[in-house]
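Enquirer: I have a structure here, written as structure tokens, and I will follow up with some questions on it.
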Amino acid sequence: NNNNRLFMHWFVLLVVIFTSQSSLLSANMANTSPPLAPSNTPLQRKAAQEGKYPPVPDVCVVTGGTGFVGNRLVEMLIERGAKKVISFDVVPPPADAWKHTNIEWRVGDI
């Protein structure tokens, strides 16, 4: 119904699929630094490179991933070491969306 659709448009839900704790820790402890989103501001770039963050899951699903908050969440998950992020939304990704090989853009309705 329309109330549910409105609710889904306004809130970004992060659904995380945990593969295993050991793979999360080993991926985050690797000496290779993950890529940074090309749309980052200098401050975002600095925080991503210098920040100490907890490990992220290998595979993540972000509903509402093409919106303002969801799109940045997708980028940050990749920057923090996620191996695959699926962005699921009712609209296709914007033209300036990050075309990273670990990001999968899906269009659909829940």
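Enquirer: Could you sort Phe88, Phe68 by accessible area so the largest value comes first, with the probe set to 1.4 Å?
Expert: Correct descending sequence by accessible area is Phe68, Phe88.
Enquirer: Name the lysines eligible as straight-distance cross-link partners of Lys52: C-alpha to C-alpha under 19 Å, and not fewer than 8 places from it in the same chain.
Expert: By straight Cα distance, Lys52 reaches Lys83.
Enquirer: Shifting gears a bit: Which of the aspartates and glutamates could be linked to Lys84 by a straight reach, that is with a Cα gap under 13 Å, when you skip same-chain ones fewer than 8 residues away?
Expert: Correct list for Lys84: Asp58, Glu75, Glu104.
Enquirer: So for segment 47-110, what percent of the C-alpha to C-alpha distances run longer than 18 Å?
Expert: Of all Cα-Cα pairs in segment 47-110, 31 percent lie more than 18 Å apart.
The values are calculated or read from the model by the stated rules, or taken from the named source; none is laboratory data. Quick caveat: nothing in here was measured; it's all calculated off a predicted structure. What goes into the accessible areas is simple: the full protein's heavy atoms, side chains included, and nothing from ligands, DNA or RNA. Shrake-Rupley method; radii C 1.70, N 1.55, O 1.52, S 1.80 Å.
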